[in-house]
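Scroll down for the structure; my scribbles are underneath it.
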Amino acid sequence: MLLFREKIPADWLPKVLGHLPEVLVDHAHLERKAATTALTLEKYRDLFGRVEELNAIAIEELQHFQLVLSLLKKRGIPFGQPHPSPWIAGLMRSIRNGQRHQVIDHLICCALIEARSCEKFQVLGRALADIDAELSTFYNSLVESEGNHYATYILMARAVNDAETDQRLDFYLNLDADLIRQGSPAPILH
Ligand SMILES: [Fe+2]
Ligand SMILES: [Fe+2]
C-alpha cells in the first residue's frame, strides 16, 4: 500500500462520527464521481486498451453508489448537495496538460483518492464497530475494493511510463501532505 507522508488529521474522525448523515450523502457523491471518473479516463488514447478494466471499475463504483443510496433511504436521509472538497480540488488542479502528462497525473490523482478512501474506510469500520454495526460492516466491506482500484490506477500509470509515474507520485504525495495540513472544516470523507 501507498506510504502517505501525512497522517489523517486528529480532528477528522470525531468530525465524521458527529455528522454521519451528512457524511453518508458526501460518500454517495464520492462513489458517483468515482464511477464517472473511471469512464472519463477512457478518453485517453493510452488507456484505449484498458477500456474494459475501466468499465469494470465504473460498474463497481456504481454498485457502491447504489449501496450508499440504499443506506440513505433506509435511514430516511435525503440525497442532497455535495460539499466541495479542497483536497480533491487541489489534487485535480495540478493535473498537467499534454496527452501523456495528463493521463499519468489523472491516474495518480485517482489512485490517491482511492488509497485515502481505503485508509479512511478502514478507520471508520473500526471506529463504528461499537457505535453503528451496520455502517461498520459496510465500511469494512468497501476496503478491499478501493484498495484494488488504487493498485489498478497506479499500474495503469506505470504501464504508460514507469519513471514519469515515480516522479509524479513523489510530487503528488507532497501535495497530498500539504493539502491535508491545510485542513477542511466540512464534515466530509476527503
Ligand atoms: Fe467505491
Ligand atoms: Fe474506488
Could you derive backbone 3J(HN,Hα) for segment 185-190 from the dihedral phi with the Karplus parameters 6.51, -1.76 and 1.60 (θ = phi - 60°), listing whole Hz in sequence and x where the residue is Gly or Pro? x, 6, x, 10, 5, 10
Give the order of ASP166, ASP130 when sorted by the count of other beta carbons within 10 angstrom, beginning with the fewest. ASP130, ASP166
Express the relative contact order of the chain as a whole percentage, based on alpha carbon pairs under 8 Å and six or more residues apart in sequence. 32 percent
For segment 92-190: relative contact order, % (alpha-carbon pairs under 8 angstrom, 6 or more apart): 33 percent
Straight-distance crosslink candidates among lysines, where the alpha carbon sits under 22 Å from LYS43 and sequence neighbours closer than 8 are dropped: LYS33
Reachable lysines, given that their alpha-carbon falls under 23 Å from the alpha-carbon of LYS7 and they are not under 8 places away in the same chain: LYS15, LYS120
Cross-link partners of LYS74 among lysines (Cα-Cα below 17 Å; sequence separation of 8 or more within a chain): none
Which whole-Hz ³J(HN,Hα) couplings does segment 4-10 yield from phi under the Karplus relation 6.51 cos²θ - 1.76 cosθ + 1.60, θ = phi - 60°, glycine and proline marked x? 6, 9, 9, 7, 4, x, 4
Mean separation of Cα contacts under 8 Å (6+ apart) over length of segment 1-112, as relative contact order %: 27 percent
For the chain, what percent of Cα pairs sit more than 29 Å apart? 20 percent
Taking TYR153, TYR172 and counting other C-beta atoms within 10 Å, the order from fewest to most: TYR172, TYR153
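Every read-out reported here was derived from the displayed coordinates using simple, explicitly stated rules and does not represent laboratory data. Every value quoted in this text rests on a predicted model; they were computed, and no experiment measured them. Note that each Cβ is placed from the backbone with ideal geometry, even for glycine, and that neighbours are counted across all protein chains shown.
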